[in-house]
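Okay, structure first, notes after.
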Amino acid sequence: MITRTSQPANGALLLSEMKEFAGFSKATQRYIRRSLDVAYGRRDPIDCWARDEGEAASIRAQARLYKQLDHLRMQVPDDSGLDMIEPFIGTLITLAAFDLGQDRLPNFAAFRFLYERLIGASARPWLPAAFCSAAALPHLHPDRRRTLLQSISESAATAPGWSSREPAFWLEWVEKVDVRAAA
């Protein structure tokens, strides 16, 4: 599991991440929250997120794939040496292909937002390659592939460096409490 620092987040950074999340469509926000619940086992995702049997089947498939996340977090390469990337990038592309195939992450920004929280800041250098690889796979409709691939900016695809700062906004939800029962 990702280790988060115990220091309070810089307020401006936290607000920036919250604003970015708020800019996503409701369907994208819902998918990101669902994915984080599946990844971190925060609650029963089928009870919480499945609206029908098709969505329940999708959540079960996602849970099977996301079992690889702990291993993936330990496999993030320290550098760009080609001998170090095979065990990492193949799994990352497989997970990305599943998530992009769900048609709820409409662009690179939403993908990056989710994967920074699934894997951590150390995965940032690898996210453009994984996104482009998964977005180019034939399981997606050609129009969808085009839209996804056009969503990654040149600066994101060719960044000379990446921040090592872990995300500050984690989307940990507090369940509603009946105030009358608590009193």
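Things worth noting here:
- Prolate/oblate/rounded call for the stretch 10-80, Cα gyration tensor, a/c under 1.5 rounded: oblate
- Surface per residue (accessible, 1.4 Å probe) for the stretch 42-175, Å²: 52 Å²
- Structure-based [θ]222 nm, the chain - -39500 (n - 2.57) summed over DSSP H runs of at least 4, per residue, nearest 500: -17500 deg cm²/dmol
- The chain - percent of accessible surface contributed by carbon and sulfur, probe 1.4 Å: 55 percent
- Its Kirkwood hydrodynamic radius, worked out from the mean inverse distance over all distinct Cα pairs, puts the chain at 17.5 Å.
The values are calculated or read from the model by the stated rules, or taken from the named source; none is laboratory data. All of these numbers come straight from a predicted model, not from anything done at the bench. Side chains are part of the model used for accessible areas, which takes the heavy atoms of the whole protein and leaves out ligands, DNA and RNA. Shrake-Rupley method; radii C 1.70, N 1.55, O 1.52, S 1.80 Å.
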